1. Please compute, over every Cα-Cα pair in the range 123-199, the percentage with a separation greater than 21 angstrom.
2. Using 0.36 nm per residue of separation minus the Cα-Cα distance, give me the extension gain between residue 69 and residue 128 in nm, one decimal.
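A short reminder: the numbers here are calculations on the coordinates, not readings from a lab. Source: prediction; values computed, not measured.
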Amino acid sequence: MPSYLRVICSDEQWSDDINHKSQSHASLLLIGRVARHQLAQDAPKERVWEVLWHDRGVEGQSVEGQSVHWQLAELNVARLRAPLEDPATRDFVEALDAINALAESSPGFVWRLQTDDGNATLIQAFDDELVITNLSVWESVEALSDYVYRSGHVSFLRRKREWFERYGSAHLVLWWVPSGHRPTVSEALARLDIVHSGDPTADAFSFSTPFPPPTNDVR
């Protein structure tokens, strides 16, 4: 499993600090920038860089001559109409185990965020306790799309308005991660903020505007 490292530095510091690290660890890979909302307003030159350090190399094409295999990360955010213990959401709660099992058995499934309870409903990413998140990794956009729109998940999807309110201007974001990387909730929310702030890009997109996997390691 690769080690995940987040670094906050100026563009100049990046050159001095991270390049120095990459000389010691040839498989250090830069995989993108996070939205600037996480940075202090009095530090306009700073950037948040996401770095993935592989101790033993990777699959795919890299600047070091190694290969990088890309997988699709997905975040979906929703606001419940009622608390999880409310009778109004009973059907949703009772269906979670079956829906998650369906996802895990679907072609192209890689990983999903969960607690010991087997789901992510108890992970609080927002002050609002009614807002829940779903974070997962798949082999491709097509694999995730098949599960969401062309499997038994559809019957679950049709009832979403019974259980959920509309959440903001964007509730779903997709982005590419190197194989083996497991995105954190904060990382995923930063990607969602990119969609909130403008048009989809290769760093944060949706089913309706998909982007192909990166062709190199530094974007």
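1. Beyond 21 Å sits 38 percent of the P(r) for the range 123-199.
2. Once the chain is fully extended between residue 69 and residue 128, it gains 17.6 nm.
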